[in-house]
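Asker: Handing you this structure, nothing more for now.
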Amino acid sequence: MQTGNDKLSIKPGNRTRQIFSGSIWGILAKITDALAKFITIPILVSFYGKADYGLIALAFSLNAYLRLMDLGFNVGAVRYFSMWVESGELEKVGAVSRSSIIFYGVVGLVNAFIFVVMADFGPDLFNITANQVPIYREIMYILAFSTVLNWLANVAVQLLSAKDELGYINRVLLLSSVFNFGVALLAIYFQWSLITYFIYYTLSTLIPIPFYIWRLRVFQLPVHTLITPRWHGAAFKEILNYSLAIFVMGLFQLTANNLRPLLLAKFADGTEVLTDYRVIQTIAMLIVAFGGVFMQVLLPSSAKIHAQGDHNRIERLMFEATKYISIFLALMVFGLILNANDILRLYMGDDYGHLTVWLSLWLLTVLLSMHNTPVASMVLSTGKTRFLVYSSATACLLSLPITVMFATRFQVGAAVIGYLVYMVLQIGFFYAYYIPKVLRLDGFRLFTKAFLPAAIGGGLCMLVTRYVTGYLPAPTGYGLLILNSAIFVLLYAVYLSVFVIKMADIHYLKRVLISEK
């Protein structure tokens, strides 16, 4: 068995490589998933109709909102599992993981019951036509069946995350995305009904589970001692006390994010607006997914570094991670904004060009929020989460009414504006309190030196690219999209090499990612 001293001897370069590897595989998985949706959604909307496909968007929103039943335990489990793996306390890991199987099994059953209830009462809550009711109910029953297995899979993912197996997790997710893509193509080719497609799509999301269980062999414990249900109340309570604060915060966060489409379904004009929402969400959520990958990768490492109490390493991790994450996000965000109108028209048709402004605003909001991922991961590692509850509640309660107020006037834009208000308030709270008071870091330096150079450079390169292509005999369609992207990437690379990334940064990355063995 590996001792705590063995684990503490891990070099910073090794951990950097683990973060880098997990991030790369996570990004590849998210890009594959986004490309699959990008290709298949317009085909599915055309095949099934905008209104009926909106039922799937509604189902996804309901399912996402019910993730709050996690009670914040996912974050808490990864934090404590990582700390216990670091100190060699594998007995605690086994005791809590077996208790977690019971916890998530109960949560899954409750979740399934809610879907069954929603199958009966949902048509009265949303603008669902009489012809759509049978389809809606069958979708709810399918989700009720699958939700228990999906909840139980969380335990395996948490355990693997604590063992720095994020590269493996994301490779399996990439495989699942390929199956999702194949299901959509088969649905069109064989002209499946909407319900048949949804059944096979749901089954494809369950594919990762056996792979996760098989990989649990990386622990120096028999797999059955990790996943066989058995209650250990004292060990479980240690995580639950921490997780409840995360749950309350997550309650407001999930409410702010996932209640917006449900409010559109209630106050806007029919389920068609949910298809508009799903279209721009699919594009914007690519960037949000990258933020999720970075959080997934950074949280275990942040917990371990915080457990060691090295403030200098914490400061360097926060600055370097924010800097490089901001560079990557700015590249993606401004590249998408540059091509937003062309992407929407090529993606869905000319009727969707009016969504360009809302997609661009959503992407800018995501850039602002996701650059904060390293800081958020370290804050969660400290366990000082009370103020996060207050800030999330305040931002949620102030932003949700905006979606309701503007739903009729702006339709899908009301949800985007509400999201912007929520994120501006949240980021403000981080820079006003958590960065200076909890982490004892220089927030002004972090924002102006790590985030702004990447964001300003991306915006300037986007504007220059738009100006240059305006004077070129530019092609149309995909040719214009490729030309815009090529010029933008070239300009941004030059800008970064001159103003942002220094030779010392390159030497450092080469040393920790390549040279050290």
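Asker: If you filter the stretch 184-274 for chymotrypsin sites (Phe, Trp or Tyr not before Pro), then keep DSSP loop positions with at most 13 other Cβ within 10 Å, what is left?
Answerer: Counting only loop positions with at most 13 other Cβ atoms within 10 Å, the chymotrypsin sites (Phe, Trp or Tyr not before Pro) in the stretch 184-274 are 190, 231.
Asker: Give me the distance between the Cα centres of the stretch 424-500 and the stretch 172-190, rounded to whole Å.
Answerer: Centre-to-centre distance over Cα atoms comes out at 33 Å.
Asker: What are the semi-axes of the equivalent ellipsoid of the stretch 257-315, taken as the square roots of 5 times the eigenvalues of the Cα gyration tensor, listed largest first and rounded to whole Å? Let's see the in-between values first.
Answerer: Values: eigenvalues 310, 28, 10 Å².
Ellipsoid half-lengths, sorted descending, are 39, 12, 7 Å.
Asker: How large are Rg and Dmax for the stretch 42-200 when only the alpha carbon atoms are used, in Å?
Answerer: Gyration radius and largest Cα-Cα distance of the stretch 42-200: 18.7, 59 Å.
Asker: Where Rh denotes the Kirkwood radius from the mean inverse Cα pair distance, what is Rg over Rh for the stretch 194-240?
Answerer: 1.19
Asker: Something else: Among 294, 201, 319, whose Cα projects farthest towards the positive end of the dipole of the chain, with charges put on the beta-carbon of Lys, Arg (+1) and Asp, Glu (-1)?
Answerer: 319
Asker: Solvent-accessible area of residue 351, probe 1.4 Å, all protein chains present, reported in Å² to the nearest ten, please.
Answerer: For residue 351, solvent-accessible area is about 130 Å².
Asker: Hey, another quick one. Can you tell me what percent of all Cα-Cα pairs in the stretch 217-292 are more than 22 Å apart?
Answerer: Counting pairs separated by more than 22 Å, the tail of P(r) holds 56 percent.
Asker: First check a/c for the stretch 119-246, with a ≥ b ≥ c the square roots of the eigenvalues of its C-alpha gyration tensor; if it is under 1.5, answer rounded, and if not, answer prolate when a/b is larger than b/c or oblate otherwise.
Answerer: Here the stretch 119-246 falls in the oblate category.
Asker: So, with +1 on the Cβ of K and R and -1 on the Cβ of D and E, and no other charges, what is the size of the charge dipole of the stretch 146-289 about its Cα centre, to the nearest 20 debye?
Answerer: 380 debye
Asker: Which listed residue (80, 282, 356) has the Cα farthest towards the positive end of the charge dipole for the chain, taking +1 on Lys and Arg C-beta and -1 on Asp and Glu C-beta about the Cα centre?
Answerer: The residue sitting farthest along the positive end of the dipole is 80.
Asker: Something else now. How large is Rg/Rh for the stretch 301-369, to two decimals, with Cα atoms and a Kirkwood Rh?
Answerer: 1.26
Asker: Heavy-atom accessible area per residue, the chain, 1.4 Å probe: how many Å²? Please report the intermediate quantities before stating the final value.
Answerer: Values: 21620 Å² over 517 residues.
That works out to 42 Å² for each residue.
Asker: Answer with one residue from 154, 405, 494: the one whose Cα lies farthest towards the positive end of the charge dipole of the chain, charges on Cβ with Lys, Arg +1 and Asp, Glu -1.
Answerer: The residue sitting farthest along the positive end of the dipole is 494.
Asker: What Kirkwood radius, in Å to one decimal, follows from the Cα pairs of the stretch 222-368?
Answerer: With all distinct Cα pairs of the stretch 222-368 included, I get 18.9 Å.
Asker: Oh, and also: If you stretched the chain out fully between residue 498 and residue 191, how much longer would it get, using 0.36 nm times the residue separation minus the C-alpha to C-alpha distance?
Answerer: The span from residue 498 to residue 191 would gain 105.2 nm if fully extended.
The values are calculated or read from the model by the stated rules, or taken from the named source; none is laboratory data. Computed from a predicted structure; not experimentally measured. So basically every Cβ, Gly included, is an ideal-geometry build from the backbone, and we count neighbours across all protein chains shown. Only protein heavy atoms, including side chains, enter the accessible area calculation; ligands, DNA and RNA are left aside. Shrake-Rupley method; radii C 1.70, N 1.55, O 1.52, S 1.80 Å.
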